[in-house]
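Report on the structure given below.
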Amino acid sequence: MLKAAVSWRVRHRAGRRLPGAAGGGGAARGRSVRVRAARGRPVRARGRVCAAVAVLTAGLLAFHRAVPNSVGRLGSLLEVFLPWLGLVVVALFGVALLRRSATALVALLLPAAAWTYQFGGLFLPGGKPAGHDLVVVQHNVSDENPDPAGTARALAEAGPDLIALQELVPPALPVYERTLAAAYPYHAVRGTVGLWSKHPLTGVRPLDIKPQGVPGPWNRGMRVVVHTPRGEIAAYVAHLPSVRVRASGLASSPRDESAGLLGRAVAAEEVGAVVLLGDLNGTVDDRGLAPLTSLMNTAERGFAFSFPAAFPVARIDQVMARAATVDHIRALPTTGSDHLPVAARITLRPPA
């Protein structure tokens, strides 16, 4: 009797285990499938994240003007470094290849196209120089430049028709005048800005581009007429206020105000052809310079990042023109300044 009861319990338990064991095997296989599926999900998720970042990057490139400037001037801050979003595209491309995400690769076509549309043309080679071209050099020479004579010689070696300089301080000014005198017999200086020319100069006058709240004398703008073989050109030399990147954003109000004053002066200029050379402390994409870029042509070829000289990340030294074309701009080798010089070729329209 006891044996029969024990035998029944053993069979009963075994019977319960046998179906359970079979069911457990199926559950294990189910869990294996679910684990494989779970392992697949992060790959797809990362692909979706990469694609989303690609779409966001394309939006910033194509619609950067829509980024508001009301808080910390974030729009202007983005526009200063806008070309560098190309590195984001390259990084995302690497991630998409690593994760083998077709979705991300397709999405990357958007920022790649937007970047190429905006900046790709700057890589194209410039056309051949024409007989009516004007070569100009723009350079903030720095008020702490330890070698003004060497800087002047380096600029003259580029063979420009015009050399515009900013941050000319009294101790260094005679050095620039003496060094450049042989090749550039005409020059004009107002305050801390100056222009050296191979062609005669007339109509020299200072520009009032001083923003409100700046104490003391502040002479950083000049207008002069250059008499070239192709006709008269009104040359503007300017040094706009510096900007600062702070925890609260981009501090650029004085620069923006000064750019507005300079823009009004250019708009009122009676001479048809105008060339603006200056340290504008902003890139041509920065909306803070819109009072100027809306009136004048900027370089069609070349990046020419000019600041800081040790590792240039932006071109804040600009050459712009009205009734003329800035065909190409390039950075020159470093001098004793914290800026790199930039040289540009300007095509003038034949005189009527």
Grab the other residues whose beta carbon is less than 11 angstrom from that of ALA235, score K and R as +1, D and E as -1, and report the net. -2
Length gained when the stretch SER294-VAL90 is fully extended (0.36 nm per residue, less Cα-Cα span): 70.3 nm
Most packed first (mean Cβ within 10 Å per residue), the peptides 234-242, 164-172 order as 234-242, 164-172
FRET efficiency for ALA183 and ALA268, using Cβ-Cβ distance with R0 set to 30 Å, rounded to 0.05: 0.35
Between segment 156-185 and segment 201-215, what's the alpha-carbon centroid distance in Å? 20 Å
Just to confirm a number: summing +1 for Lys and Arg and -1 for Asp and Glu over residues other than GLU144 whose beta-carbon lies under 14 angstrom from that of GLU144, what do you get? -4
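Please compute the contact order of segment 200-352 in relative form: average sequence separation of alpha-carbon pairs under 8 Å and at least six residues apart, divided by the residue count, as a percent.
18 percent
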Gain in length, TRP218 to PHE303, computed as 0.36 nm per residue apart minus the alpha-carbon separation, to one decimal in nm? 27.6 nm
Convex hull over the alpha-carbon atoms of segment 50-144: what's its volume per residue in Å³? 189 Å³
Considering only protein heavy atoms, what is the solvent-accessible area of THR116 at a probe of 1.4 Å, reported in Å² to the nearest 10? 80 Å²
Keeping every protein chain in place, order TYR176, TYR186 by accessible area at 1.4 Å, biggest value first, i.e. largest first. TYR186, TYR176
Length gained, ALA66-PHE119, 0.36 nm per residue minus C-alpha separation, equals 17.2 nm
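The values are calculated or read from the model by the stated rules, or taken from the named source; none is laboratory data. All values reported here derive from a predicted model rather than from experimental measurement. Glycine also receives a Cβ, built like all others from the backbone with ideal geometry; neighbour counts cover every protein chain displayed. Please note that ligands, DNA and RNA were not included when accessible areas were found on the heavy atoms of the full protein model with its side chains. Shrake-Rupley method; radii C 1.70, N 1.55, O 1.52, S 1.80 Å.
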